[in-house]
Amino acid sequence: MKISDVVAFMGHQVHVCRYREAGTLLDWMGRDLRGRRVLDVAGGDGYWAGQAAKRGAQAVSIDLARKKMLYGRTLAHPPALVECDALRLPFADGSFDAILSVCAIEHFDDGGTSLDEMARVLKPGGRIFMSADVLSRADAWPKLRDAHKAKYHVQHTYTHGSLAKLMDERDLDVERHSYQFRTAAAERLYLSLSTYGGRVGFNAAAPLAPLVALGDRSAPNERGSIVLVQARKRGAPA
């Protein structure tokens, strides 16, 4: 294994939430992705699109961060990496069977336009697998909330309900959702790590991931720091 793969593994999978977040979305997508075209929107170095490629997908990752994408090309299983704007995707209508988007929509000035583009390039019957910042209790800790939003350029937050409304307007039906960091203690941990620890803190807190997952299983699936959504585009597959 190359050093770049080890670093990518540590950054993406040894993490208090990212492995469970992106891993769940990939599990929802399926273990066997042979013959399917998958687009990762704002995929950075393309690591998670690369995991879809390992499952057999024809995977494409788009981003505007050229440095990350150049790094992604050094990985053992790189997807096709395309430098472009998520609000103006350079793909034909109905080009993809599935779309992955891991905590990206909250960073866009116009989340609706990003969903317009995702819905446009998705085939009828295709599915979107998306996560987004919710920060449902963040108003209880305004300093942490404001620091998190400023540090990560969070423009908007979403619930499964608000995402379902946006998706319904674009002929997308939400099929399931799941919140992560559901308890108040877990939400405060998430905001504290993002504010004071950043990427290093999230990685250092990875041993807490099983405890967070256990807490999520025992709490209602109604709110949390992150929401995961699976939605299907209306219409029969071609």
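At-a-glance table
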| read-out | value |
| --- | --- |
| Filter result (more than 23 Å from ALA164 (Cβ to Cβ) and hydroxyl-bearing (Ser, Thr, Tyr)) within region 196-238 | TYR196, SER218 |
| Failed item, numbered, when GLY72 is tested on (1) closer than 27 Å to SER225 by Cβ; (2) crowded, with 20+ Cβ neighbours inside 10 Å; (3) under 16 Å from the mean Cα position of the chain (by Cα) | (3) |
| Candidate set from region 180-205 (those that are of a type outside the set (Asp, Glu) and in contact with a Ser or Thr (Cβ under 8 Å, 6 or more places away or on another chain)); member that is surrounded by the most Cβ atoms within 10 Å (Cβ to Cβ) | PHE181 |
| Candidates ALA98, ALA49, ALA132 - the one that is surrounded by 21 or more Cβ atoms within 10 Å (Cβ to Cβ), of a type in the set (A, V, I, L, M, F, W, C) and in contact with a Cys (Cβ under 8 Å, 6 or more places away or on another chain) | ALA132 |
| Cβ-Cβ under 9 Å pairs, at least 6 apart or on other chains, region 47-64 side touching a residue at least 40 places away in the same chain (Cβ under 8 Å) and more than 15 Å from ASP27 (Cβ to Cβ), far side assigned to a helix (DSSP H, G or I) and of a type outside the set (Ser, Thr, Tyr) | ALA49/GLY72 |
| Subset of region 149-198 [touching a Leu at 6+ places or on another chain (Cβ under 6 Å), over 20 Å from HIS15 (Cα atoms) and of a type outside the set (A, V, I, L, M)] | THR157, ARG170 |
| Members of region 204-238 found to be assigned to a loop (DSSP other than H, G, I, E, B) and over 21 Å from ALA184 (Cα atoms), listed by number | ARG234, GLY235, ALA236, PRO237, ALA238 |
| Filter result for ALA80 (closer than 20 Å to VAL229 by Cα and of a type in the set (A, V, I, L, M)) | no |
| Selected residue (criterion: farthest from TYR152 (Cα to Cα)) from residues of region 171-203 that are part of a loop (DSSP other than H, G, I, E, B) and over 19 Å from the mean Cα position of the chain (by Cα) | ASP171 |
| Evaluation of ARG120 against (1) closer than 24 Å to ASP32 by Cβ; (2) surrounded by 15 or more Cβ atoms within 10 Å (Cβ to Cβ) (one fails), failing number | (1) |
| Among the candidates ARG66, ARG37, residue that is of a type outside the set (Ser, Thr, Tyr) and surrounded by 14 or more Cβ atoms within 10 Å (Cβ to Cβ) | ARG37 |
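No lab work stands behind these numbers, since they all come straight from the coordinates. No experiment lies behind these values; they were computed from the predicted model shown. No Cβ is skipped: glycine too gets one built from the backbone with ideal geometry, and neighbour counts run over all protein chains shown.
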